[in-house]
Amino acid sequence: MPVYKAPVDDVVFLLSDVFHIERHANLPGFADAPPDLITAILGEAAKFCEDALTPLNRVGDTQGCKRHPDGRVTTPDGFKEAFRQLVAGGWIGISVPTEFGGQGLPTVLTQIVNEFLASANMAFAMYPGLTQGAIAALIVHGTPELHALYLPKMITGEWTGTMNLTEPQCGTDLGLIRTKAVKQPDGSYRITGTKIFISAGEHDLAPNIVHLVLARIEGAPAGTKGLSLFVVPKFVPQADGSLGAPNGVTCGSIEEKMGIHGNSTCVMNYDGAAGWLVASENEGLRAMFTMMNEARLGVGVQGLALSEVAYQNAVAYAKERLQGRAITGAKFKDKPADPIIVHPDVRRALMSMRAFNEAARALVLWTALKSDVAHRSSDAKERQAADDHMGLLTPVIKGVLTDQGFANAVAAQQIFGGHGYIKETGMEQFVRDARIPMIYEGANGIQALDLVGRKLAKDGGRAITAFFAETQGFLKERAGDAALKPYLEPLGKALGHLQQATMWFAQNALAKPDNAGAGATDYMHLFGLVALGYMWCRIAAAAQAARAADTSGRMEAKLVTARFFMERMLPETATRLARIQAGAAAVMELPAEAF
Ligand SMILES: Cc1cc2nc3c(=O)[nH]c(=O)nc-3n(C[C@H](O)[C@H](O)[C@H](O)COP(=O)(O)OP(=O)(O)OC[C@H]3O[C@@H](n4cnc5c(N)ncnc54)[C@H](O)[C@@H]3O)c2cc1C
């Protein structure tokens with residue numbers, strides 16, 4: 001059975017030595033989370049994930065969710081009890097502002113806990129994850145009445161949340177949504193339509209489910225400009241918060257799918273269901289984007305989480321599995337063969353995963369801290385800069401971390417040879433589970449287009465200019481540090497590639513937008529490599545500073561891993577740049593009928 005140990009030490013190092021979380025002490029909620037408390041919270045989360053959720057991952061995969069003839073959906077054995085523990089631990093609302101009943105702790109803690117949850121059991125983690133997204137959208141866009149009625153129960157986890165965008169004819173292109181909303185004399189709406197692929201749409205973990213539904217009010221404009229967002233509860237709550245009558249929303253079926261079997265993916269039928277408007281009429285997409293941005297970061301974290309757990313299991317196996325002898329001569333002469341970790345090709349794969357995981361975690365934490373600044377700082381300029389960062393990095397984190405998360409799950413499976421292909425080791429489950437984050441919350445191709453088509457040019461390129469300035473500033477500031485040269489020089493070169501690619505789009509994509517479309521995925525990955533490279537430079541600087549006091553060998557290991565990233569992974573920026581500069585001609589030349 002797969003093992004998992006939450007990387008608490010790595011997180012603590014990143015928060016304290018790399019990002020100096022104490023410098024954020026002026027932000028609300030940070031003073032309530034001194035280092036020892038953070039370590040204690042992470043220790044508790046780790047225990048829950050390792051002891052309660054990891055063993056259920058396999059159960060969830062083999063049993064899946066079941067829809068019963070009366071429309072009820074039951075989750076796999078053990079999920080209900082684990083969810084009860086999650087609610088009792090107060091984990092869902094740890095970063096929700098205290099005025100709404102949360103604990104107000106930094107958002108960065110939620111992202112870390114969510115990584116642990118998804119490594120241990122991604123299908124389970126989606127139930128609280130979607131609830132957190134729905135809470136975020138309701139806080140920003142809901143009325144005080146909706147806040148009072150729904151937030152307290154959702155923040156504790158007593159009720160869960162969902163997001164309902166997709167319909168049979170409408171995935172990426174939300175302008176095609178047909179679900180209808182008809183206004184009632186009492187100000188509520190009647191919602192009618194069919195939503196598909198709705199994660200956590202129906203289940204037995206909570207007595208009520210709060211659906212956030214995109215629909216079109218009768219007479220609204222066509223396309224995305226005519227979409228509005230509604231709260232549609234499974235049971236309509238009474239004024240005192242107790243459950244009232246069942247609403248006209250039912251689960252028609254659950255999808256048979258490739259992975260995340262423990263999460264119910266539902267067809268939801270809305271049959272004149274009572275709904276209440278969130279935000280203004282026709283402002284639904286903007287409101288849903290609050291939820292989607294949260295969710296996109298969360299999905300990026302899923303990519304990292306699966307890469308981490310797959311890596312941990314691959315390492316354990318590589319130390320145990322005896323095959324062949326080291327090229328340089330037997331390393332374990334007393335054994336019939338050496339463990340496969342002696343082989344350079346196995347190490348190459350393990351180092352690639354490790355070098356990705358540690359930098360990706362840093363990138364998530366860095367961005368989550370920006371989210372805290374964006375929402376909590378009293379300085380408007382600081383808030384705007386942090387918000388710019390979030391907008392720019394969200395598609396990169398979603399797209400790159402999930403593409404690479406899947407690639408790493410496959411690489412980890414490969415280390416098991418044939419034993420990775422059979423179910424017993426659990427590696428093929430990681431591969432299947434890691435596939436969906438690349439698709440939902442906007443397929444990764446769409447993330448790349450969002451980055452290139454919207455985020456680069458937004459506000460006159462303010463966000464990308466700030467990213468370049470920060471990275472260049474770091475390189476300049478540290479230029480005299482000879483010990484950092486092996487990290488800084490490659491980053492400088494890779495940053496140059498990203499700048500050339502950005503310039504190439506500015507010069508070649510305005511008149512020919514296909515050039516942007518054809519190069520977008522390469523640009524997103526080029527950006528991701530530079531961002532991860534920057535993270536490695538910051539980690540290396542912190543490891544250099546800490547190595548004298550830390551005799552555990554961890555800092556040396558970080559420096560070696562940083563070198564591996566610079567020598568073996570970052571050079572890919574040159575290939576990505578070459579592809580971008582090749583333009584769209586060969587991509588677009590063949591007519592559709594020639595395929
Ligand atoms: C397990 C699972 C859970 C899900 N959970 C939810 C949920 O909770 N709520 C919800 O609302 N939805 C959910 N979804 C739906 C998911 O978000 C969509 O599947 C996804 O957004 C893609 O839409 P689609 O499947 O219709 O693909 P399409 O939109 O048909 O896209 C097909 C392909 O074409 C590409 N493409 C489409 N348009 C363009 C374009 N303009 N330019 C370039 N490429 C393009 C896409 O990148 C994709 O690769 C879930 C899906 C699954 C499988």
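Test each condition in (1) touching a helix residue (DSSP H, G or I) at 6+ places or on another chain (Cβ under 7 Å); (2) closer than 21 Å to ASP204 by Cβ; (3) in contact (Cβ under 8 Å) with a residue 40 or more places away in the chain for GLN85 and report the one that comes out false.
(3)
For GLY300, which of the numbered conditions (1) away from the ligand (no atom under 16 Å from the Cβ); (2) closer than 22 Å to PHE197 by Cα fails to hold?
(1)
Taking the condition of being among the polar types (S, T, N, Q) and part of a helix (DSSP H, G or I), how many residues in the range 516-569 meet it?
Residues that pass the stated criteria total 3.
Can ALA457 be described as within 25 Å of VAL299 (Cβ to Cβ), within 15 Å of the ligand (Cβ to nearest atom), among the hydrophobic types (A, V, I, L, M, F, W, C) and open to solvent by 20 Å² or more (accessible area, probe 1.4 Å)?
no
Looking at the range 307-314, can you tell me whether even one residue there is aromatic (Phe, Trp, Tyr) and without any contact (Cβ under 8 Å) to a residue 40 or more places away in the chain?
Taking the range 307-314 and keeping what is aromatic (Phe, Trp, Tyr), we get 311.
Still in the running and without any contact (Cβ under 8 Å) to a residue 40 or more places away in the chain: none.
So far as the range 307-314 goes, no, none of its residues is aromatic (Phe, Trp, Tyr) and without any contact (Cβ under 8 Å) to a residue 40 or more places away in the chain.
All but one of (1) within 16 Å of the ligand (Cβ to nearest atom); (2) buried (at least 17 other Cβ atoms within 10 Å of the Cβ); (3) in contact (Cβ under 8 Å) with a residue 40 or more places away in the chain hold for GLU167; state the number of the condition that does not hold.
Just one mismatch for GLU167, condition (3).
Taking only the range 4-30 into account, find how many residues are in contact with a Lys or Arg (Cβ under 8 Å, 6 or more places away or on another chain) and either over 27 Å from ARG383 (Cα atoms) or open to solvent by 40 Å² or more (accessible area, probe 1.4 Å) (or both).
Of the residues in the range 4-30, 4 are in contact with a Lys or Arg (Cβ under 8 Å, 6 or more places away or on another chain) and either over 27 Å from ARG383 (Cα atoms) or open to solvent by 40 Å² or more (accessible area, probe 1.4 Å) (or both).
Look at the range 199-232 and say how many of its residues are in a strand (DSSP E or B) and either over 20 Å from ASN269 (Cβ atoms) or touching a Leu at 6+ places or on another chain (Cβ under 9 Å) (or both). Even if it seems obvious, please write down each step before you answer.
Step one: of the range 199-232, the residues in a strand (DSSP E or B) are 199, 208-217, 227-232.
The next check asks that each one be either over 20 Å from ASN269 (Cβ atoms) or touching a Leu at 6+ places or on another chain (Cβ under 9 Å) (or both); those that pass are 199, 208, 210, 212-217, 227-232.
Here the count works out to 15.
Go through the range 450-498 and give me each residue that's within 20 Å of THR521 (Cβ to Cβ), assigned to a loop (DSSP other than H, G, I, E, B) and touching a residue at least 24 places away in the same chain (Cβ under 8 Å).
Listed by number, the list holds a single entry, LEU456.
Looking at (1) under 26 Å from the mean Cα position of the chain (by Cα); (2) modelled with pLDDT of 95 or more; (3) away from the ligand (no atom under 16 Å from the Cβ), find the lone condition where ILE198 falls short.
(3)
Can you pull out every residue in the range 219-240 that is within 16 Å of the ligand (Cβ to nearest atom) and open to solvent by less than 30 Å² (accessible area, probe 1.4 Å)?
GLY223, LEU227, SER228, LEU229, PHE230, VAL231, VAL232 - these are the residues of the range 219-240 that are within 16 Å of the ligand (Cβ to nearest atom) and open to solvent by less than 30 Å² (accessible area, probe 1.4 Å).
Results for (1) farther than 26 Å from PRO128 by Cβ; (2) within 16 Å of the ligand (Cβ to nearest atom), shown as yes or no for each residue.
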| position | (1), (2) |
| --- | --- |
| PRO152 | no, no |
| THR160 | no, yes |
| GLY175 | yes, yes |
| ALA181 | yes, no |
| GLY187 | yes, no |
| ILE217 | yes, no |
| SER242 | no, no |
| THR250 | no, no |
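I'd like the full set of residues that are within 13 Å of the ligand (Cβ to nearest atom) and either open to solvent by less than 30 Å² (accessible area, probe 1.4 Å) or basic (Lys, Arg) (or both), limited to the range 411-450.
Passing the criteria: ARG432, ASP433, ALA434, ARG435, PRO437, GLY442, ASN444, GLN447, ALA448, ASP450.
Is it the case that the range 325-338 has a residue that's within 14 Å of the ligand (Cβ to nearest atom), in contact with a strand residue (DSSP E or B) (Cβ under 9 Å, 6 or more places away or on another chain), open to solvent by 10 Å² or more (accessible area, probe 1.4 Å) and of a type in the set (A, V, I, L, M)?
No, because not a single residue in the range 325-338 is within 14 Å of the ligand (Cβ to nearest atom), in contact with a strand residue (DSSP E or B) (Cβ under 9 Å, 6 or more places away or on another chain), open to solvent by 10 Å² or more (accessible area, probe 1.4 Å) and of a type in the set (A, V, I, L, M).
Does ALA287 meet the test of being within 16 Å of the ligand (Cβ to nearest atom) and either in contact (Cβ under 8 Å) with a residue 40 or more places away in the chain or of a type in the set (S, T, N, Q) (or both)? Let's see the steps before the verdict.
Numbers: within 16 Å of the ligand (Cβ to nearest atom): yes; either in contact (Cβ under 8 Å) with a residue 40 or more places away in the chain or of a type in the set (S, T, N, Q) (or both): yes.
Answer is yes for this residue.
This table checks each residue for (1) among the charged types (D, E, K, R); (2) without any contact (Cβ under 8 Å) to a residue 12 or more places away in the chain; (3) open to solvent by less than 40 Å² (accessible area, probe 1.4 Å).
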residue	(1), (2), (3)
ALA509	no, no, yes
ALA516	no, no, yes
GLY519	no, no, yes
ASP522	yes, no, yes
ALA542	no, no, yes
GLY553	no, yes, yes
LEU577	no, no, yes
GLN581	no, no, no
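So ALA33 clears everything in (1) more than 20 Å from ASN208 (Cα to Cα); (2) open to solvent by 20 Å² or more (accessible area, probe 1.4 Å) except one condition, right? Which one?
Tallying (1) more than 20 Å from ASN208 (Cα to Cα); (2) open to solvent by 20 Å² or more (accessible area, probe 1.4 Å), ALA33 fails exactly one: (2).
Among the residues of the range 309-331, count how many are touching a Lys or Arg at 6+ places or on another chain (Cβ under 9 Å) and assigned to a loop (DSSP other than H, G, I, E, B).
The total comes to 2.
Could you run through the range 283-321 and say how many residues are in contact with a helix residue (DSSP H, G or I) (Cβ under 6 Å, 6 or more places away or on another chain), open to solvent by 10 Å² or more (accessible area, probe 1.4 Å) and of a type in the set (S, T, N, Q)?
Number satisfying all stated conditions: 3.
The values are calculated or read from the model by the stated rules, or taken from the named source; none is laboratory data. Because the structure is a prediction, the values reported are computed rather than measured. Here Cβ is always computed from backbone atoms with ideal geometry, including for glycine, and neighbour counts include all displayed protein chains. Remember, those area values only see protein heavy atoms, side chains included, never the ligands or the DNA or RNA. Shrake-Rupley method; radii C 1.70, N 1.55, O 1.52, S 1.80 Å.
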